[in-house]
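The values are calculated or read from the model by the stated rules, or taken from the named source; none is laboratory data. Fair warning: this is a prediction, and the values are worked out from it, not measured in the lab. Every residue, glycine among them, receives a Cβ derived from its backbone with ideal geometry; neighbour counts consider all protein chains shown.
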Amino acid sequence: MATSAKRLYRTERTLARTLRVAYPSGRGRMVLRTEQDWERDVEPMAVSEDGNVSTFSLEADQPFLYFKPCLVEGGATHWAVGPDKLVIMTEKDARVSYPHFFDPEVGRFSPLVELRSNLLDRDHKIRGYVPPGYDENTLSRFPVVFMQDGQNLFFPDEAFMGSDWKVDQTGDVLRAMNAVEDVLILGIYSGDRMEEYTKPGYERYARSLVEEVVPQLEHRGVRAEPHRRYRSVWGSSLGGVVSFVSGAFGVFYTTLDATTTLGATIIGTDGQITVDPPFWFPSSYTIRVNGQQPENVVIPNQGLAHEAAHAMERIRGGFLESDVIPLDVTISTMEILDEIRKQVGVVYPGE
């Protein structure tokens, strides 16, 4: 639970939204505590017929609000385990909060599972890492991350050269920062990397993931989101190569300590687009369609040309703000970035 602190941000008008909290019924009732008053219960405005989902109405004159679900059971109030959650007041109520109150604050590893692959004529070895509360809050379902070289993810005694990638620890830190949502991590141990992670062998390996591994998840009752939009495939080195073949793959790097080329590449099934650095202020980009010559496109308008044109259009129409990005959204975005900056300890010169 966060301690009370001096207000840093305030919006010009009061923002309102709803927040849904899901927890299996039959063990007390759900209330909410927020940073507005950590000692006051916020009662739900509605509860679903089965008692599993409580909907709360929130109002605040700030862009975001820290909160904690609480389970009132008899005369006791149980606070949700883990860090305070952050709700964005300008965001629609699209995401449900799935708290837990009695499970540990960190996730757990599954046993090593072996799945027969007829396509590869060998057994897959898979170890999972499930997020905190997976066993307690059985209403929750999660996106799935399939990671190649699964033996390198978690344990030094399994990893190459005895150095694991600390994937579970990194996930716990990002979760504590409210930087990511919970996911199921499935580490798929590699077989013959040169055979299965490169062409042409990676095509059969990719088929095995789609046709053999994914159906087994559903068959074994793993609580994964069923649609493919909630599946991603990650890998390093040759594991990254086979991830492109296995499914959608995207990476965004950000750092406070290193200088990179600051370019961007967007890769699709038929080709790719390379945006010249810096990607937020490019002078050109290159389109490469498979089987065709690259085409370089020069961006004629530099600076804030599009933003300036939109501003002039709104001013001529007698408006005081954009209908694309209203003032409240702009302020909220900047204040959220300031809060992130404060939490990671970045201070600009002159502050």
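List the pairs whose first member sits in the range 172-195 and is within 13 Å of VAL242 (Cα to Cα), whose second member is aromatic (Phe, Trp, Tyr), and whose Cβ atoms are under 8 Å apart, counting only residues at least 6 apart or on separate chains?
Sorted first by the residue in the range 172-195, then by its partner, the pairs are ILE188/PHE146; SER190/TYR197.
Given the conditions (1) in contact with a helix residue (DSSP H, G or I) (Cβ under 7 Å, 6 or more places away or on another chain); (2) farther than 28 Å from VAL233 by Cα; (3) not assigned by TED's automatic domain parsing to the domain that holds VAL21, report the number of the one that PHE154 does not fulfil.
Of (1) in contact with a helix residue (DSSP H, G or I) (Cβ under 7 Å, 6 or more places away or on another chain); (2) farther than 28 Å from VAL233 by Cα; (3) not assigned by TED's automatic domain parsing to the domain that holds VAL21, only one is false for PHE154: (2).
Can you confirm whether the range 104-112 contains a residue that is without any contact (Cβ under 8 Å) to a residue 60 or more places away in the chain, surrounded by fewer than 14 Cβ atoms within 10 Å (Cβ to Cβ) and closer than 30 Å to GLY201 by Cβ?
Yes, there is a match, as at least one residue in the range 104-112 is without any contact (Cβ under 8 Å) to a residue 60 or more places away in the chain, surrounded by fewer than 14 Cβ atoms within 10 Å (Cβ to Cβ) and closer than 30 Å to GLY201 by Cβ.
Looking at the structure I just gave you, is LYS92 in contact (Cβ under 8 Å) with a residue 60 or more places away in the chain and over 23 Å from ASN52 (Cβ atoms)?
Spelling it out, it is not the case that LYS92 is in contact (Cβ under 8 Å) with a residue 60 or more places away in the chain and over 23 Å from ASN52 (Cβ atoms).
With a cut-off of at least 1 residues that are surrounded by 12 or more Cβ atoms within 10 Å (Cβ to Cβ), modelled with pLDDT of 85 or more and among the basic types (Lys, Arg), name the helices (runs of 4 or more DSSP H) lying wholly within the range 163-258.
Values: elements: 167-176, 193-196, 201-208, 214-219, 238-246.
Qualifying helices (runs of 4 or more DSSP H): 193-196, 201-208.
Would you check which residues across the range 87-107 are in contact with a strand residue (DSSP E or B) (Cβ under 6 Å, 6 or more places away or on another chain) and not hydrophobic (A, V, I, L, M, F, W, C) and list them?
ASP93, SER97, TYR98, PRO99, GLY107
Is at least one residue of the range 168-177 in contact with a Ser or Thr (Cβ under 9 Å, 6 or more places away or on another chain) and of a type outside the set (Lys, Arg)?
No, that holds for no residue.
Of the numbered conditions (1) surrounded by 12 or more Cβ atoms within 10 Å (Cβ to Cβ); (2) of a type in the set (Lys, Arg); (3) modelled with pLDDT under 95, ARG20 fails exactly one; give the number of that condition.
It is condition (3) that ARG20 fails.
Output the residues belonging to the range 174-193 that are under 13 Å from the mean Cα position of the chain (by Cα) and not charged (D, E, K, R).
Those that are under 13 Å from the mean Cα position of the chain (by Cα) and not charged (D, E, K, R): LEU174, ALA176, MET177, ASN178, ALA179, VAL180, VAL183, LEU184, ILE185.
If you go through the range 47-58, how many residues are in a strand (DSSP E or B) and surrounded by fewer than 18 Cβ atoms within 10 Å (Cβ to Cβ)?
3
Can we say VAL96 is among the aliphatic types (A, V, I, L, M), closer than 30 Å to GLU339 by Cβ and either surrounded by 15 or more Cβ atoms within 10 Å (Cβ to Cβ) or in contact with a helix residue (DSSP H, G or I) (Cβ under 6 Å, 6 or more places away or on another chain) (or both)?
no
Between residues in the range 265-290 that are without any contact (Cβ under 8 Å) to a residue 24 or more places away in the chain and residues that are of a type in the set (A, V, I, L, M) and not in a strand (DSSP E or B), which pairs lie under 8 Å by C-beta distance while being six or more apart or on different chains?
PRO277/LEU262; PRO278/LEU262; PHE279/LEU262; PRO282/ILE299; SER283/ILE299; SER284/ILE299; TYR285/ILE299
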